[in-house]
Structures are given as structure tokens and as C-alpha cells.
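To start, the structure itself, in C-alpha cells.
The values are calculated or read from the model by the stated rules, or taken from the named source; none is laboratory data. Only a predicted model underlies this, so the values are computations on that prediction, with no experimental measurement involved. Neighbour counts are summed over all protein chains in view; Cβ atoms, including those assigned to glycine, are modelled from backbone coordinates with ideal geometry. We work out accessible area using only protein heavy atoms, side chains counted, and drop any ligands, DNA or RNA first. Shrake-Rupley method; radii C 1.70, N 1.55, O 1.52, S 1.80 Å.
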Amino acid sequence: MVNDKHVIEALGKSKVTIENGIVTNVEMPNIDYCPIFGKYHKIDKLTPEFIKKNIQYRIDDFGMCTKDRKVKLDDMLSVGISEILRSNVKLGYIDCVVGACEGVGTLLMTDPDIIQGVGGRVSGLISTTPIPEVIEKVGKENVLFPETAELNPLKGIDLAIERGYKNIAVTVLAGSYLQTIREHKIPSDVNLYLFIAHTTGISAKEAKEAFKYGDIVTACASKHVVNQAEKIRAYYYGNSVSIYTASEKGHEFLDNRLKDINKPLSINKYPQDKSLMSKPLI
């Protein structure tokens, strides 16, 4: 009987199941080419075979979905959601991040290295089961439901407020009741910032909502996010997998990261060159 099961969506939004430290199922990806894996792995076409090999590498390298999980990691990219969060927490602009980790579920993070370690190499977490050793590493007191590893960002926000945090960032998957989160009742002296990831395949309506309710929105391989960003000329960084800002605070958070790593600020050039992006955009 399997009592250790984690389901993620990664590499072209392929649904991947890991049970007891082994990749047991890989579904077909929804896109053929990812510029990140094209650049770093020289992969011209994503296949279930490559995806399985890459996920198994993550398991062997940093213990993803196992008790050996390393929860503190270095930057993976120059500018991604976890990197932006890492810099802004380090610099004091964000007090706490409500995020999710496999084997842990929803948790609160205030350590910049844990923020990077948890979010930097694992994309869309769909479901997970508890791994006590990983829960201990991130601090059981920071885990929303250590007995079940439930994913519940709304209750995570409530816990962060109870702990006294005032500037709270939440990482959330696109389409995951963004309006409900944004309209969640919070004290007047608390600021809530939404960092929206995993946008591949979302609808035009969901893309519009992402820019309406979010602060930072990743392009991933979403044609609707790219089109909406172009329509409103959103401030962004990166040409192949762009990071867009959807609010003034999002703009500040992105610039804070760029300054932190001594990168020039974006020139915000439109139209973007879609030939550099994932193929196809969906």
C-alpha cells in the first residue's frame, strides 16, 4: 500500500507521480519545447522519457519528495518567483511567504534560503503526503497541517496574520481562486501580495484575472498571459520565460531583485519576440 505519494506538474505541465522516492507515472507534456531546458540541457523536444529522467535526477540530487530533501538551495535562475521572493525577504520588504512544499504542504517561510530551496526546483505541486523529516527541517511550527500536509493558502494566510506578519506574500497556482484570496478578509495594517505561477494552459479569462488580482505573474508557456501582458504593456523581465508585474508593488519587488543581483532594470520592450519562448504557447 502506497502511503507516500506526491503529484506535481512540471516540464511542459506534464503530470508526474512520485511514490516512495520513485517516479511511477509521467503523462505527456502539453508543450514540445521549453527554452530553459533547451538552454541548460540542450533538449529540443520534451518527452516523457526525458521528464522521468529529469525528475529522478532531482530526487537523487536534492532529495525531492523524500526524507533527504535539502530545503536550503542556491539561486536556480537570475529572476524567477522564488528568487524575487528571496531578495525581498532578505531586504526586508516582505516579512513572510506562504508557500507549499512536497512532503510538507502549506507552510510559512521567513528564511530566504528556505524560500529558494522550497520553490526553486519544484513547480506546480498538486498533492502531497507528509514526510516527517522534511517537516522537521522547515520547522514543524511553520507547517499548517503537519499531520496531513494539506495545501490551503487561505488558512496559511490566516496563520501568518496570527503570527503577526504584516507584509505577506503568497505563491499560488494560476486559476486557484485568485479573487477569493484577494478578497480574503485581512486586518487593515496587513498587506497581501500574490505571486502567480504555473500559468501554462490557463484560459484568457484566467490570464486577465491573474493581472487583475496578482502582483507578479510568470509567463511559463501561456499564450494568454503573454497576450494580456502585451495588451496592458506590463513591466517585465526576461524574453524566453518572462516574469511580468501586475501592480506597482510587483514592479518594486522585481526591481529590488534586479538591483540585489546587480542586473540592469528592464527596458520593457514590446512587442516581445515569441520565437524565443516555449513552443507552442498554449
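Just a few scattered comments:
- With a Förster radius of 25 Å applied to the beta-carbon distance between ASP61 and GLU252, the computed FRET efficiency rounds to 0.15.
- Think of the chain as having a plus end and a minus end, set by charges on the Cβ of Lys, Arg, Asp and Glu; of HIS6, GLY103, TYR270, TYR270 sits farthest toward the positive end of this dipole.
- Across THR110, THR128, the residue with the most accessible area heads the list, and the full order at a 1.4 Å probe is THR110, THR128.
- Student exercise, region 100-144 dipole from Lys, Arg, Asp, Glu Cβ charges, in Debye to nearest 20: 120 debye
- Solvent-accessible area, 1.4 Å probe, carbon plus sulfur percent, for region 212-277: 50 percent
- Farthest towards the positive end of the charge dipole of region 128-282, among the residues THR128, LEU151, ALA219, is the Cα of ALA219, using unit charges on the Cβ of Lys, Arg, Asp and Glu.
- Residue-count net charge about ILE181 - beta-carbon cut-off 15 Å; Lys, Arg +1, Asp, Glu -1: -1
- Long pairs among LYS137/LYS259; LYS15/LYS52; LYS39/LYS279; LYS15/LYS279; LYS5/LYS53, criterion Cα-Cα beyond 20 Å: LYS137/LYS259
- Here region 1-140 is assigned +1 on the Cβ of each Lys and Arg and -1 on the Cβ of each Asp and Glu. Its dipole about the Cα centre then comes out at about 120 debye.
- Of LYS67/LYS208; LYS45/LYS90; LYS166/LYS212, those spanning more than 31 Å from alpha-carbon to alpha-carbon: LYS67/LYS208; LYS45/LYS90
- The distance separating the Cα centre of region 154-189 from that of region 261-276 comes to 30 Å.
- For SER14, SER275, the ranking by accessible surface with the largest value first comes to SER275, SER14, using a 1.4 Å probe.
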